[in-house]
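Data block below; observations after.
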Amino acid sequence: MGKRRKGREIVLQSLYASLMGGGDVLVVLEDQLLRRESAPETTAFARDLALKIKTNRPDTERWLKTLISARWDPSRLGSLELCILYLGLTELKYSPTVPFRAVINEACELAHRYCEDGAVGFVNGVLDRAAHQVYPEVASASGAEGAGHQFDEPLDADEATAVDHDLDADFGDTPLRGAGDPAGEDA
């Protein structure tokens, strides 16, 4: 496993533990790092990413709400999916040296490893849309789907309906692991 991939995984686990236990993510991360023997590069990467997540979380939460549209409330997402999206969105916006395709791929790998099957498509769709906002010139040049729309402009009603339909097609109305129950098992 690569050093950054391992760092992202440690940060994800720390975010989840922080969310479930109410502790400070940086304190939880330090506890996680003490329990592992990680390379210095992994530790430095994890600390940097966790600090960015903590520092920018209010902005990231607002951004996530705009990305998933009026139809998808973040409270409907499972805890792990939410943590993966916070991690991916933070890295897209505040780690410009990491290629956006790598950020999306790594977040999808985390979703594949830790979440229900439908989460991968949803995480991919949300982060792809976010990448179009952060890097509109690169996304437009790549010819990626949706690249013709400048996502910093508000969507009109027809576009919002199309986005909602696309998210529903990828994600469905199936509850994700962790939705409604911290243990990931709905009663």
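Bear in mind that the values in this text are calculations on the coordinates, not laboratory data. Just so it is clear, the structure is predicted and the values come from calculations on it, not from any experiment. No Cβ is skipped: glycine too gets one built from the backbone with ideal geometry, and neighbour counts run over all protein chains shown.
3J(HN,Hα) along the range 18-35, derived from phi through the Karplus expression 6.51 cos²θ - 1.76 cosθ + 1.60 where θ = phi - 60°, amounts to 5, 5, 6, x, x, x, 5, 4, 6, 5, 4, 4, 4, 5, 4, 5, 5, 7 Hz, with x in place of Gly and Pro. Shape call for the range 28-83 from the C-alpha gyration tensor, a ≥ b ≥ c root eigenvalues: rounded (a/c under 1.5), prolate (a/b greater than b/c) or oblate? Since a/c reaches 1.5 and a/b is larger than b/c, the shape of the range 28-83 is classed as prolate. The Cβ shell under 14 Å around Gln32 holds other residues with a net charge of 0, Lys and Arg each +1, Asp and Glu each -1.
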